[in-house]
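Enquirer: Input: one structure, supplied below.
The values are calculated or read from the model by the stated rules, or taken from the named source; none is laboratory data. On a predicted model such as this, the values are computed, not experimentally measured, just so you know. Cβ placement follows ideal geometry from the backbone for every residue including glycine, while neighbour counts extend to all protein chains displayed.
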Amino acid sequence: MIEKWHGGLKYYQFENFASLNHGMFTRLGGVSEGAWGALNLGGTVGDSVEAVRQNHVLMYDVLGVTIQQTCTTWLAHGADTVIVDAPVRNRRWVAVADGMVTDRPDVALVMRYADCTPLLFHDPIRGVIGIGHAGWRGTVLGIGESVVKTMITAYGCRPADIRAGIGASIGPDKYQVGGEVVQAVHEHFGTIEGLIRYDPADNTAYFNLWEANKRALQGMGLTAIEIAGICTATRLDEFYSHRAEKGRTGRFGVVMSL
């Protein structure tokens, strides 16, 4: 990962995407206060509407994107991916979905996170980008596979050409889960080895979202996969964490454009 600062905002870029206009933004540098300080991009978490709007503008300015170019979705913790050609008029989100893809250079894809895993995709040969939102449900439902399949069917992308980035999310040492999740992981991957770790002290289970999404993408034929390795529940100085902050927190943003 490459650390960058611009106008008081700190963000990260994947080395995989050296030629792509993108950023995984931290919570640093915005105007929100209190539990949402400072660069909160979540509009449904209790923060001031005006502060959230200002934060979006600040984030887009860093990458030279206008708010009129941006497209986002209403996140549902599912595995639906939509093809995006332009924003929907008179609505802030284009669809209820957890994945987006586009080949339009005048469109910027935006999503928000606070423990779930950002999945970023770029096919530099076909000129296509994609983004996904992978919590445990999205991961075991196959949101990563869904984005890749859509890139293949809609634009003729080849898995070998697609580069992927697995962004900051709750890490394998912090993501304690119950039996429902363990069962779902086993059903989707056919094993829990390397994906679920049991604490020897109390036998509680921990889910490795990073490894799970990496395996899912490798199963689709991707080889160029970069993992940020940043735990949101540990790095509260830079990222929001719904789990660590007991739900009273903001959302950090990821922006991509061709």
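Enquirer: With respect to H122, is the statement that it is buried (at least 24 other Cβ atoms within 10 Å of the Cβ), touching a helix residue (DSSP H, G or I) at 6+ places or on another chain (Cβ under 7 Å) and either modelled with pLDDT of 95 or more or among the acidic types (D, E) (or both) true? It would help to see each step written out before you state the result.
Expert: On the way: buried (at least 24 other Cβ atoms within 10 Å of the Cβ): yes; touching a helix residue (DSSP H, G or I) at 6+ places or on another chain (Cβ under 7 Å): yes; either modelled with pLDDT of 95 or more or among the acidic types (D, E) (or both): yes.
Yes.
Enquirer: Scan the stretch 128-162 residue by residue and report those that are surrounded by fewer than 21 Cβ atoms within 10 Å (Cβ to Cβ) and polar (S, T, N, Q).
Expert: Once the filter is applied, which keeps residues that are surrounded by fewer than 21 Cβ atoms within 10 Å (Cβ to Cβ) and polar (S, T, N, Q), the stretch 128-162 yields only T153.
Enquirer: Could you grab me the full set of residues in the stretch 185-204 that are aromatic (F, W, Y) and within 22 Å of the chain's Cα centre (by Cα)? Don't jump to the end; show me each part of the working.
Expert: Step one: list which residues in the stretch 185-204 are aromatic (F, W, Y), which gives 189, 198.
Passing the criteria: only F189.
Enquirer: Residues of the stretch 81-94 being part of a loop (DSSP other than H, G, I, E, B) and either touching a Pro at 6+ places or on another chain (Cβ under 7 Å) or surrounded by 18 or more Cβ atoms within 10 Å (Cβ to Cβ) (or both), which ones?
Expert: Residues satisfying the conditions are V84, P87, V94.
Enquirer: Does the stretch 53-72 contain at least one residue that is surrounded by fewer than 22 Cβ atoms within 10 Å (Cβ to Cβ), touching a strand residue (DSSP E or B) at 6+ places or on another chain (Cβ under 6 Å), assigned to a loop (DSSP other than H, G, I, E, B) and not β-branched (V, I, T)?
Expert: Within the stretch 53-72, not a single residue is surrounded by fewer than 22 Cβ atoms within 10 Å (Cβ to Cβ), touching a strand residue (DSSP E or B) at 6+ places or on another chain (Cβ under 6 Å), assigned to a loop (DSSP other than H, G, I, E, B) and not β-branched (V, I, T).
Enquirer: Consider only pairs whose beta carbons are under 6 Å apart and that are at least six residues apart or on different chains; among these, list those whose first residue lies in the stretch 213-225 and is at pLDDT 95 or above and whose second residue is of a type outside the set (G, A, S) and outside any helix (DSSP H, G or I).
Expert: N213/T117; N213/I166; K214/I225; L217/I225; L222/I162; A224/R163
Enquirer: Look through R104, R158 and report the one residue that is farther than 28 Å from E187 by Cα, modelled with pLDDT of 95 or more and not polar (S, T, N, Q). Give the steps one after another, and end with the answer.
Expert: Values: R158 fails: farther than 28 Å from E187 by Cα.
Just one listed residue meets the conditions, R104.
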